[in-house]
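Okay, so here's the structure we're looking at.
The values are calculated or read from the model by the stated rules, or taken from the named source; none is laboratory data. Remember, predicted model here, so these are calculated numbers, not experimental data. All Cβ positions, glycine included, derive from the backbone under ideal geometry; neighbour counts span all protein chains shown.
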Amino acid sequence: MSVFSSANLSALESVVAASVGSMFVLDPLSSLVDKSLVQSREDGGSQRFSMLRMIREYASERLADTPDRDQAVREAHAHHFCSFALELQDRLHSSERDSALRDLESELDNLRTAWRFWVDRGDLEQLFNLIDGLWALHEVKGWYHAAIELTRDMLGVLAISEPSPELAAEELTLRISLARALMAVGGYNVEVEEAFTRALELSETSDTPAQKFPVLRALASYYVQTANPDAAAGIGKQLVELGEQQGDQSILAEGHYVIGAAMLFADVGVSLANLDRAIELFELKAPISNRFRLGPNSGVLARTASGLMLWQCGALERGVSRINEALELARAIDHPFSIAYALYHSGLIAINRGRFAECLENARELAEISDANDYPLWATLAKLLEGVAISGLGKADEGLALTEAAVDLYQGLTPPSVFWPFILMLRSAVHAMAGEPDRAIELLDEAVAATGSPDTAPPDLRVLKADILRMLPEPDLETAETLYLEVIEAAGAAGFHLTVLTASTRLVTLRRELGLTPDGSDELATVYQAFTEGYDERDLVAARDVLGGAPV
């Protein structure tokens, strides 16, 4: 009994028979329960047995007095739980996945004990019997740090094993998974780069779809996170081709998502079409193709990206609905990392809507989930959202202090570069709200530089810069007017109709302040009339006010 964290009767009988020999377990077990040396509790219609810690430690010491018997019992225990995990593998890839995961969780401590036994033995065969189930459980629960340790254990045993093509393929899959896990919990850093570099070296020998898919999907994440959309889109196309060749809907869905995400700010039509296709395919609930997957649920990712794009394009109600669907899905599957991802982006949309109290709620829930699961990147972004929200609610000094603290933490993580321009933009807005427009302009210029050039900078960033130029002690109204005009042209060409509306509203206001005619009201009215939803949203209300209460 001391080898088990807790045991059902069947497992105990199996280990006793394999290590000690045939015996009738129930009578001595009942006697131990009667003497309160073993505790019994009801668990899902059967009894489960365990020991208090002090009694278990004492029993373990007595077992260790006979080393041969001790090793026989521990090996029998490790074999039993390998068999248990192996029997659940088929269910993990079927409609019984949820129940299989519950069964795995009920034996988690025993499975970890078995894992440690086989790691110490360097037994790859037994570890492979365990890892699929353990990884699936850790991924679903968001236990990414523990998943990283599983991966490192496996790589350590692989390093002392006889090389073979099969083991090289396993090493590739594990290393790419390690890279994604490290990037998920801590951002992009030297360790992540080394993991990806080693995986890329190994990927040159990967020919089978089973090997290609996890490598390509992880590389897509890498390119998106490091702001290389062209490379990510190329990977997405390879995934679509692979999915079509294999007739695999889950690979196909991932490919369409990657293309859609990569093209978010490059081609609205292509982006939305691919994201819609991805959502449609994810709805089919096709089984996940790749072992050792990590990161937000793909359905959550696709809905979030689609929501952000629809919002920018002026489909405001549909955009908000998609963002809400992403959060609802993340909560429904109870996946902590997906919930964190959805809360962050829901907070961003709340800021864009001027709903700072809602953003504050998201930020605080995001902080709780991040602290509970040790997600330092999301914890940092939660603090950033909180700073922006508090500033928006009128507490500028408190909000600024929180924002600056968040940026300090963020820079200490060496995070993915894709976040940085948006963080600088939010930081700039907080400085502007705190009455520091000069500092706000400096941060916006840094954000533009981080995107590569003014031509590639998000249009919203240039709208904010024009707004702040008007706030300076000596306002630069000419440059502000030029920026609004540039944004209207660039955002219009890109299909970002909400940004066009926002810039047009600001332009009319500015020209009226300067007494200029024409002031652009006719053009603003044309832009406004193209909207068919979201009339209560802040930007449409502002446009109506400027137009003197244009009819809905």
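Quick look at the values:
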item	result
Selected residue [crowded, with 20+ Cβ neighbours inside 10 Å and closer than 18 Å to E481 by Cα] from L514, L510, L540	L510
Of residues in segment 51-69 being under 47 Å from the mean Cα position of the chain (by Cα) and part of a loop (DSSP other than H, G, I, E, B), the one surrounded by the most Cβ atoms within 10 Å (Cβ to Cβ)	M51
R48, sole failed condition from (1) touching a Lys or Arg at 6+ places or on another chain (Cβ under 6 Å); (2) without any contact (Cβ under 8 Å) to a residue 40 or more places away in the chain; (3) not in a helix (DSSP H, G or I)	(2)
Identity of the residue in segment 300-351, more than 13 Å from the chain's Cα centre (by Cα) and of a type in the set (V, I, T), that ends up modelled with the lowest pLDDT	I333
Number of the exception - T113 against (1) more than 24 Å from the chain's Cα centre (by Cα); (2) more than 15 Å from A11 (Cβ to Cβ); (3) β-branched (V, I, T)	(2)
Residues (in a loop (DSSP other than H, G, I, E, B) and without any contact (Cβ under 8 Å) to a residue 24 or more places away in the chain) located in segment 6-43	G21, S22, M23, F24, V25, K35, S36, L37
Spans of helices (runs of 4 or more DSSP H) in segment 180-261 with at least 2 residues at pLDDT 90 or above and under 23 Å from E139 (Cβ atoms)	229-246
Residue within segment 134-152 that is surrounded by fewer than 21 Cβ atoms within 10 Å (Cβ to Cβ) and more than 20 Å from N373 (Cβ to Cβ) present	no
Some residue of segment 533-547 being touching a Ser or Thr at 6+ places or on another chain (Cβ under 9 Å), small (G, A, S), assigned to a helix (DSSP H, G or I) and closer than 18 Å to G492 by Cβ	yes
Test for V407: is it in contact with a Ser or Thr (Cβ under 6 Å, 6 or more places away or on another chain) and either buried (at least 21 other Cβ atoms within 10 Å of the Cβ) or modelled with pLDDT of 85 or more (or both)	no
Filtered residue count, segment 420-463, keeping only those that are of a type outside the set (D, E), assigned to a loop (DSSP other than H, G, I, E, B) and at pLDDT 85 or above	2
Any hit, segment 82-92, residues being of a type in the set (D, E) and under 27 Å from Q225 (Cα atoms)	no
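Table: residues versus (1) at pLDDT 90 or above; (2) closer than 19 Å to A195 by Cα.
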residue: D120; (1), (2): yes, no
residue: N129; (1), (2): yes, no
residue: H138; (1), (2): no, no
residue: G142; (1), (2): no, no
residue: R152; (1), (2): yes, yes
residue: L155; (1), (2): yes, yes
residue: S161; (1), (2): no, no
residue: E166; (1), (2): no, no
